[in-house]
Amino acid sequence: MDISKLKQGLREDLADILERSRFVERQKTARSEAVRRVTHAEAIAIAANLHELLGWIPELSVETATQTTATAVNVMATVTGDETVSVTGLVAVPGDLLTANFEELQHPSYLLLDEFSGDSRPIESREALSLALFDGFTKNYRERYEFVLTDPVLREKALLKAGHFDDDG
């Protein structure tokens, strides 16, 4: 039995395992950075557009949250303070994230989420997703606001009052 040869072989095997582990961690970090780079800026631009369009509505919140392969944009507000109206879209990284060439990840995919079913619908561009989120949110908000105004008790709780309709810019 050649102890030094066995010992050296084990050291080399363990060193290789450690190097592969470090490589995988570098790949995970590179993937996370690629996803952040591709999706976050797009989602922030969408959120800024929506905030510009809807920021005058009381209790409105436009937020982004980044997950493993996507950044979500959520628009949420309440009509009376008791319930929320919301809509969510995603800017996602398409394709194989196991690739080692993260520079190829340049063009995100845009998706509109159906919060009831959990399904998503592809949208063709950042502008189209901004418009789809705006349309979806305003449709739901209008319906809820109209319902609230039909009930005298709920009407008193409505956060959106006549003063909010003044044009301020």
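The values are calculated or read from the model by the stated rules, or taken from the named source; none is laboratory data. These numbers were taken from a predicted model, which means no experiment stands behind them. Ideal geometry is used to build each Cβ from the backbone, glycine not excepted, and the neighbour counts take in all protein chains shown. To get the accessible areas, we keep the full protein, side chains included, count just its heavy atoms, and leave off ligands, DNA and RNA. Shrake-Rupley method; radii C 1.70, N 1.55, O 1.52, S 1.80 Å.
Normalised by the number of residues in the chain, the mean separation of alpha-carbon contacts (under 8 Å, six or more apart) gives a relative contact order of 19 percent. Summarised as an ellipsoid, the stretch 106-163 has semi-axes of 32, 13, 7 Å, derived from the eigenvalues of the Cα gyration tensor scaled by 5 and square-rooted, with the largest first. Any idea what angle helix 126-149 forms with the longest principal axis of the chain, computed on alpha-carbon atoms, 0 to 90 degrees, nearest 10? Between helix and principal axis, roughly 40 degrees. Placing a label point 7 Å from the Cα of Lys161 along the Cα-to-Cβ direction, the residues of the stretch 56-89 whose backbone N falls under 18 Å of that point are 56-60, 78-82.
Of the GluC sites (Glu not before Pro) found in the stretch 123-169, those in coil by DSSP whose Cβ has at most 10 other Cβ atoms within 10 Å are Glu124. With Cα atoms as the point set, the chain shows a radius of gyration and Dmax of 24.4, 93 Å.
Ligands, DNA and RNA left out, the accessible area of the chain computed with a 1.4 Å probe is 55% carbon and sulfur.
Among Leu149, Leu54, Leu111, the largest mean-square fluctuation in a Gaussian network model of the chain (Cα springs under 10 Å) belongs to Leu149. Considering only chymotrypsin sites (Phe, Trp or Tyr not before Pro) in DSSP loops that have at most 15 other Cβ atoms within 10 Å, the longest stretch of the chain without any of them is 57-115.
Using equal-weight Cα scatterers in the Debye expression, the normalised intensity of the stretch 1-72 in log10 at q = 0.12, 0.24, 0.25 Å⁻¹ is -0.56, -0.99, -1.02. A straight chain from Asp82 to Ser32 at 0.36 nm per residue would run longer than the Cα-Cα distance by 14.3 nm.
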